[in-house]
Amino acid sequence: MNTLTRADLAEAINRKVGLSRSESLAMVESILDHMSQALEDGENVKISGFGTFLLRDKGERIGRNPKTGIEVPITPRRVLTFRASQMLKERIAKG
């Protein structure tokens, strides 16, 4: 199983748009920084045709230690989830 990296994205921009490698990498970094900042600020990030990065606040709840069975409180936290768009789901299903 391969992994898509920042360098791979920059290379694709370099080939398709014609920007230099350093400009392409700077563009990828800028986009990722912008997305990260939006999420840090509590905003969801939606990329049409791709999917949505959603923030969800989870309240405090009681969990159980699987080894001992002792109940312990789980602290409230914010979690990040990704919901793929229907278009992406269809593309993945085709393989």
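The values are calculated or read from the model by the stated rules, or taken from the named source; none is laboratory data. Fair warning: this is a prediction, and the values are worked out from it, not measured in the lab. All Cβ positions, even for glycine, are placed from backbone atoms using ideal geometry, and neighbour counts span all protein chains on display.
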Subject >> Residues satisfying the stated conditions in segment 40-53, i.e. surrounded by 11 or more Cβ atoms within 10 Å (Cβ to Cβ) and farther than 19 Å from LEU88 by Cβ >> reply: GLU43
**OP:** Considering each of ARG91, ARG78, ARG61, ARG56 in turn, give the residue that is surrounded by 12 or more Cβ atoms within 10 Å (Cβ to Cβ) and out of contact with any His (no Cβ under 9 Å at 6 or more places or on another chain).
**Re:** ARG91
**OP:** Take the residues in segment 75-92 that are among the aliphatic types (A, V, I, L, M) and at pLDDT 95 or above, then tell me which one is farthest from GLU40 (Cα to Cα).
**Re:** MET87
Original post:
Does any residue of segment 49-67 turn out to be touching a residue at least 24 places away in the same chain (Cβ under 8 Å), assigned to a loop (DSSP other than H, G, I, E, B) and at negative phi?
Top reply: yes
Original post:
What pairs come up if the first residue lies in segment 68-83 and is under 11 Å from ASP57 (Cα atoms), the second is among the small types (Gly, Ala, Ser) and loosely packed, with under 10 Cβ neighbours inside 10 Å, and their beta carbons are under 9 Å apart, counting only those six or more places apart or on different chains?
Top reply: PRO76/GLY59; ARG78/GLY42
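What residue, among those in segment 1-19 that are part of a loop (DSSP other than H, G, I, E, B), loosely packed, with under 12 Cβ neighbours inside 10 Å and of a type in the set (A, V, I, L, M), is modelled with the lowest pLDDT? It would help to see each step written out before you state the result.
If we filter segment 1-19 for residues that are part of a loop (DSSP other than H, G, I, E, B), which is where we start, we get 1-5, 18-19.
Applying the additional criterion that residues be loosely packed, with under 12 Cβ neighbours inside 10 Å yields 1-5, 18.
Next cut, of a type in the set (A, V, I, L, M) only: 1, 4.
Working: MET1: 77, LEU4: 95.
My answer is MET1.
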**OP:** Answer yes or no: is there a residue in segment 20-28 that is in a loop (DSSP other than H, G, I, E, B) and either surrounded by 10 or more Cβ atoms within 10 Å (Cβ to Cβ) or not β-branched (Val, Ile, Thr) (or both).
**Re:** yes
